[in-house]
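Novice: This is the structure I want to talk about, given as C-alpha cells.
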Amino acid sequence: QLQLVESGGGLVQPGGSLRLSCAASGIAFSIYTMGWYRQAPGKQREWVASITSGGSTNYADSVKGRFTISRDNGKNTVYLQMDSLKPEDTAVYYCKANNPYGRLYWGQGTQVTVSS
C-alpha cells in the first residue's frame, strides 16, 4: 500500500532554515516525478518545487534561490531544504508523486510556521 509521509516541519524564525523529508513506500520510487506543494489557510494549494526521475529540478519563482529539492532513490526519499525562510512561507507542505502513466499520490502534509 502506498505511503508518502512528510516530516521535518516546525516553527522557525524569519531567516531560519528547515529541511523537509518525504519518505515513500509501496511505489517504484525511482520512476516517479516528485514535488512539493504548500497550502496556507484560506488559500489554494500551490506548487513549490519538483524533481524528475532523472534529477532535473524546477522551482516556483517565490522560492527560487532559497529552497532546494533533492532525492535519494536508495532511501525512497525526497527532500526540501528551505533557507532564508519568510513569514509568507508559512503553510502546510505536501509531498506529491507522479508516475509517467498518470497515477499520482499525495502525502498528508507537515506544518511549517515562520514567525518571530
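Novice: Taking 7 Å along the Cα-to-C-beta vector as the label spot, tell me the Ser7-Arg19 distance in nanometres, rounded to one decimal.
Specialist: So the label points at Ser7 and Arg19 sit 1.3 nm apart.
Novice: Something else now. For region 23-32, take each phi angle, set θ = phi - 60°, evaluate the Karplus expression 6.51 cos²θ - 1.76 cosθ + 1.60, and give the result in whole Hz per residue in order, putting x for glycine and proline.
Specialist: My calculation for region 23-32 gives 9, 10, 9, x, 9, 7, 3, 5, 8, 8 Hz in order.
Novice: Where does each of Asp61, Asp89 land when they are ordered by accessible area, with a 1.4 Å probe and the largest first?
Specialist: Output order, biggest surface exposure first: Asp61, Asp89.
Novice: Between Arg66 and Gln44, take the C-beta separation as r, use R0 = 25 Å, and let me know the FRET efficiency to the nearest 0.05.
Specialist: Once rounded, the FRET efficiency stands at 0.75.
Novice: Over 18 Å apart: what share of the alpha carbon pairs of the chain falls there, rounded to a whole percent?
Specialist: 45 percent
Novice: At what distance in nm do the modelled label points of Thr52 and Tyr101 sit from each other, each positioned 7 Å from its Cα along Cα→Cβ?
Specialist: About 2.0 nm, to one decimal.
Novice: Can you tell me the Rg and the Dmax, both Å, for the Cα atoms in region 41-96?
Specialist: Rg then Dmax for region 41-96, in Å: 12.0, 37.
Novice: Let me ask you something else. Enumerate the amide H contacts of Ala60 below 5 Å, restricted to partners 5 or more residues apart or on another chain; note that Pro and chain-start residues carry no placed amide H.
Specialist: Ala49
The values are calculated or read from the model by the stated rules, or taken from the named source; none is laboratory data. All figures in this text were calculated on a predicted structure; none of them were measured in a lab. Virtual Cβ from ideal backbone geometry, glycine too; neighbours counted across all protein chains shown. Heavy atoms of the whole protein, side chains included, go into the accessibility calculation; ligands, DNA and RNA do not. Shrake-Rupley method; radii C 1.70, N 1.55, O 1.52, S 1.80 Å.
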